[in-house]
């Protein structure tokens, strides 16, 4: 048969694009917790068929960003402290592994990129720009992930970090976000010094320090504060 002049992207790539669009909309709050996700409406919004939408929703369900309720449409999952803690443990372990593997491979240029990303992070914090803070934080940690060369680490983080990113929006708008700048600076020092054990421990602690803010069930009862490292 003649080869068409225009071809559609492979279905897997289409599904991945739908996944990214929905994931980002959930993380940035465009799609709010408990909001119903109807595959027909999403398909019309994104201009795709329902099949990649359903596949993307299944993947988002495995990540804990959406959930299916019996007899109801799939909904955006609320920010659940236990789910965040579960994801937190996995993400912290992956960042520890990335640092352990990356330090012997880090170059002077890598260290400089970490410094630049932390400077951008601090500036975004000062400006109250949460989006820029998240982007700079991602760029900072991605230096070690890229240097580690571990594709499995990146895959696992891609699945579970979005769960934390919703919570990070709360942290980066608080005083806890400013403490992250100091932890980043210390991590850079340890990486530059080649201190694998110290840097790996701090990388894990940085992600374990994420405290989740959520409303108290009783407005007269204060929400207990979670300890931070």
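How many nm is it between the label spots at residue 142 and residue 16, if each spot is 7 Å from the Cα in line with the beta carbon? Distance between label points: 1.5 nm. Residues 74, 30, arranged from fewest to most other Cβ atoms within 10 angstrom of their Cβ, appear as 30, 74. Take the Cα of residue 107, step 7 Å toward its Cβ, do the same at residue 151, and the gap between the two points is 2.2 nm.
At an R0 of 41 angstrom, the distance between the Cβ atoms of residue 189 and residue 73 translates into a FRET efficiency of 0.25.
Shown for region 43-123 is the translational diffusion coefficient from the Stokes-Einstein equation, using the Kirkwood radius over Cα pairs, a temperature of 20 °C and a viscosity of 1.002 mPa s: 130 µm²/s.
Which value in Å is the Kirkwood Rh of region 89-191 over different Cα pairs? One over the average 1/r among Cα pairs gives 13.8 Å for region 89-191.
Each part gets one Cα centre, and for region 127-146 versus region 101-120 those centres are 13 Å apart. Across the alpha-carbon atoms of region 11-76, the computed radius of gyration and Dmax are 10.7, 30 angstrom. Computed from the Cβ-Cβ distance with R0 of 30 Å, the FRET efficiency linking residue 205 to residue 34 stands at 0.40.
Quick note: the coordinates plus some simple rules give every number you see, no bench work behind them. These figures come from a predicted structure and were not determined experimentally. Here the Cβ is made from the backbone with ideal geometry for all residues, glycine too, and neighbour counts use every protein chain on show.
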